[in-house]
Amino acid sequence: MAPSGAADRARRTPDPAATPNPPRTPSPPRTPNAARDQARLAKAGARRQARRLRPGGATRSAAGVKDVAAAAGVSLGTVSNVLNRPEMVSPTTRAKVESAMESLGFVRNESARQLRAGSSRIIAYLMLDAGNPFFTDVARGVEEAAEKAGLSVFLCNSNEDAGREADYLDLLEQQRVQGVLITPLDPDSSRLSTLPNRGTPVVVVDRAIDDGEHCSVAVDDVLGGEVALTHLIELGHRRVAFVGGPNTIGQVRDRREGAHEALRKAGLPPESLVDVLTGALTVAEGRGAGQRLAGLPADRRPTAAFCANDLLALGLLQQCVSLGLRVPEDLAIVGYDDIEFAAAAAVPLTSVRQPRQLLGRTAAELLLDESSNPDHEHQRVTFTPELVVRTSTRGNA
């Protein structure tokens, strides 16, 4: 009997198990453009992944390492190596992953990395007054050292406010910064010891401290005050105003102490120094001090003024000029810090110079050593101030 159509078809259909595998088309040889081609494929995959990340036109969510791995066609471990140990990944694969990152707009989650590591690649500088160019110059020195070490810098401003300073210290500790540089309101504050005891190094800047618990970098402010007043005494002044405040700021106290030391060495009575207290170390407070000095009777008015910083001195100088007082004939003026504006004032300002950027750079280097060197020893580094004499005391002679 003739076979049925189904049976006939069954005999004509080859058995898949018995059919030999067809020959594979050989892969094209790798060319010098292989890395470029791989990167092009990775970009195409990344574009598809990006479309997946914004379904229905919704706002695109942040791409993660899984998205990068999927777009580049590699494992999560490979993406991790590209991020953390790129030398372990071949140039071709690295190009694929980097291309996927770029196309997806991938941003590394540094917070997650810091959480795993227990610390960050960030140091912080908590300055006393961001409006004072002295502290921004110190910050430049901090940035120099940090950049050289591959670190970033958080700049914070206490604005001479103890509560604000404490809040910043809490925040920086929570952020697990690698260390904190601080110009404190009160160098004896117990808060400065709390952070190192819990693993966050602290270096005190612009304030000498020798407690065995911290490094500190400063200029000898007592000597600076003595140098300033000695200069005025040598010019013949016997009644000098000390313009500065508040007294809670250690630098103000030290500079006043140095001024009294100069009086003592010259054999002059302590009352030769007339205190003109200010509420802050600002230009506006300097102008206010100038108004008060100008209101004194001529026979009681000091013939010179030593200001606790250059901002006060510049404000005092402005007020004297506006009131018609001649500088230095009616009132000689000495500032402190020698910021850039001192030399550029209408009457160039005599000032006690501090090595501002060197202060910041040295402090940052000590902090980095403390955070990485188990044999670190605390140091107290003190620089010597230098008097820079200009027209505000010498006149045009």
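The values are calculated or read from the model by the stated rules, or taken from the named source; none is laboratory data. Remember, it's a predicted structure, so these values are computed and weren't measured experimentally. With ideal geometry, Cβ positions are generated from the backbone for all residues, glycine too; neighbour counts draw on all protein chains shown. The area values use the complete protein model at the heavy-atom level, side chains included, leaving out ligands, DNA and RNA. Shrake-Rupley method; radii C 1.70, N 1.55, O 1.52, S 1.80 Å.
Brief remarks follow.
- Scanning region 374-397 for residues that are touching a residue at least 24 places away in the same chain (Cβ under 8 Å) and open to solvent by 100 Å² or more (accessible area, probe 1.4 Å) yields a total of 3.
So that you can scan it fast, the table gives a plain yes or no per residue for (1) closer than 24 Å to Phe341 by Cβ; (2) of a type outside the set (D, E, K, R); (3) in contact with a Pro (Cβ under 7 Å, 6 or more places away or on another chain); (4) part of a helix (DSSP H, G or I):
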{"site": "Glu226", "(1), (2), (3), (4)": "no, no, no, yes"}
{"site": "Thr230", "(1), (2), (3), (4)": "no, yes, no, yes"}
{"site": "Ala241", "(1), (2), (3), (4)": "yes, yes, yes, no"}
{"site": "Glu261", "(1), (2), (3), (4)": "no, no, no, yes"}
{"site": "Gly288", "(1), (2), (3), (4)": "yes, yes, no, yes"}
{"site": "Pro302", "(1), (2), (3), (4)": "yes, yes, no, no"}
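- Qualifying positions in region 243-259 - among the aliphatic types (A, V, I, L, M) and either open to solvent by 10 Å² or more (accessible area, probe 1.4 Å) or assigned to a helix (DSSP H, G or I) (or both): Val252, Ala259
- Scanning region 339-354 for residues that are open to solvent by 10 Å² or more (accessible area, probe 1.4 Å) and out of contact with any Pro (no Cβ under 9 Å at 6 or more places or on another chain) returns Ala343, Ala344, Ala345, Ala346, Pro348.
- Residue tally, condition touching a residue at least 40 places away in the same chain (Cβ under 8 Å) and assigned to a helix (DSSP H, G or I), over region 349-373: 15
- Selection of region 61-98 for residues being touching a residue at least 12 places away in the same chain (Cβ under 8 Å), part of a helix (DSSP H, G or I) and not aliphatic (A, V, I, L, M) yields Asp67, Thr78, Ser80, Pro91, Thr92, Thr93, Arg94, Lys96, Glu98.
- A single member of Ala342, Ala332 is touching a strand residue (DSSP E or B) at 6+ places or on another chain (Cβ under 7 Å), within 25 Å of Ala130 (Cβ to Cβ) and small (Gly, Ala, Ser), and it is Ala342.
- Test result for Leu229, open to solvent by less than 60 Å² (accessible area, probe 1.4 Å) and over 32 Å from the mean Cα position of the chain (by Cα): yes
- Condition met for Pro297 (open to solvent by 30 Å² or more (accessible area, probe 1.4 Å) and touching a helix residue (DSSP H, G or I) at 6+ places or on another chain (Cβ under 7 Å)): no
- Residues that are open to solvent by 60 Å² or more (accessible area, probe 1.4 Å) and within 26 Å of Ser120 (Cα to Cα) within region 76-109 comprise Leu76, Asn84, Arg85, Glu87, Met88, Arg94, Glu98, Glu102, Val107, Arg108, Asn109, listed in sequence order.
- Given (1) part of a loop (DSSP other than H, G, I, E, B); (2) modelled with pLDDT of 95 or more, number of the condition Val381 does not satisfy: (1)
- Note on region 248-275: among residues that are within 29 Å of the chain's Cα centre (by Cα) and among the β-branched types (Val, Ile, Thr), the one that is nearest to Gln354 (Cα to Cα) is Val252.
- Candidates Ala298, Ala342, Ala346, Ala289 - the one that is farther than 19 Å from Glu160 by Cα, in contact with a Lys or Arg (Cβ under 9 Å, 6 or more places away or on another chain) and without any contact (Cβ under 8 Å) to a residue 60 or more places away in the chain: Ala342
- Considering only residues in region 320-338 that are over 19 Å from Ala284 (Cβ atoms) and in a loop (DSSP other than H, G, I, E, B), the one that is most open to solvent (accessible area, probe 1.4 Å) turns out to be Arg326.
- Taking region 263-286 as the range and being open to solvent by 30 Å² or more (accessible area, probe 1.4 Å), in a loop (DSSP other than H, G, I, E, B) and touching a Pro at 6+ places or on another chain (Cβ under 9 Å) as the test, only Gly279 passes.
- Within region 188-213, the residues that satisfy the criterion of being open to solvent by 10 Å² or more (accessible area, probe 1.4 Å) and either within 18 Å of Arg361 (Cβ to Cβ) or of a type in the set (Phe, Trp, Tyr) (or both) are Pro201, Arg207, Ala208.
- Considering residues of region 294-320 that are at pLDDT below 95 and among the aliphatic types (A, V, I, L, M) only, the residue farthest from Thr248 (Cα to Cα): Ala298
- For beta carbons closer than 6 Å, sequence separation of 6+ or different chains, a first residue in region 216-244 that is more than 22 Å from Arg287 (Cβ to Cβ) and a second that is part of a strand (DSSP E or B) and among the hydroxyl-bearing types (Ser, Thr, Tyr), the qualifying pairs are Ala218/Thr382; Asp220/Thr382.
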